[in-house]
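Structure, as structure tokens:
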Amino acid sequence: MIRHGRGDAGQVFLVGLASVGLASATVGIAVAAAFLNAYGPATWWRSVCVVVLALASMAMVLATTTVVWSCPSGGAVVGGLVVFFAMFVTIQHASNAVGDTALAKRGVSTTCLVLDVRARTETSTSTDANGHTTTTTRTYNDHRLNCPEGGPTDMTTSRAAAKKGQSLRIRYDPKGRLDTVPERGVARPGASLRKAERSFTVVVFAALLIPQIGARHTRPRRPSPHPQ
């Protein structure tokens, strides 16, 4: 077992830099997957590459967290946990930024009749590297739509966008690669990017500063006055 003491400040900083480098590469891979999904050619290998890149980004998140945990500092555990969760938030917002831009450029707006709305609940369980289990429950609303020719037939949102029998203004991707959304809920292309920048700032802080703070506040053990 690795014991975290004061550690060497230079070593702690270098480990932090390596973590930031891995985190940057992770975000780059996730953005590449989102870009390929939105703009790549309509071939089977595009789907395969998107899946491979997405799995690679998840593996890189774990690798980045492990590097932070390997830091010889009392703040490594806290820093690693913050990096772990902030990385997933960053990836989500960065990927959304790509999709928002694509939907803003080629998305089509239309008015559809809501034929039906059904709510469903999904529960997922995940376990982190320390063995802690987290259960998450999410509710989705599936809308069945009657749109003009070429429009979508369904849409899924976290909240009901309209009631059965109502008309709903939506925006959809004519290529069918991006999620259909209510027009009033279309995000500005730069909004998700700014959120990604803020969450990545948290990643940098957690990787560089938290371990440094932990190293400074961890006192070295005093030698025993009665050596055996």
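Observations on the structure shown:
- Pair Phe205, Arg118: separation of 7 Å Cα→Cβ label points (nm): 4.4
- Ligands, DNA and RNA left out, the 1.4 Å accessible surface of segment 43-174 is 57% carbon and sulfur atoms.
- Of the trypsin sites (Lys or Arg not before Pro) found in segment 144-213, the ones in coil according to DSSP and having at most 13 other Cβ atoms within 10 Å of their Cβ are Arg159, Lys163, Lys164, Lys175.
- Hits among lysines - C-alpha to C-alpha of Lys195 under 26 Å, sequence gap 8 or more where chains match: Lys105
The values are calculated or read from the model by the stated rules, or taken from the named source; none is laboratory data. Only a predicted model underlies this, so the values are computations on that prediction, with no experimental measurement involved. No Cβ is skipped: glycine too gets one built from the backbone with ideal geometry, and neighbour counts run over all protein chains shown. Ligands, DNA and RNA are stripped out before the accessible areas are found, and what is left, the full protein with its side chains, is counted by its heavy atoms. Shrake-Rupley method; radii C 1.70, N 1.55, O 1.52, S 1.80 Å.
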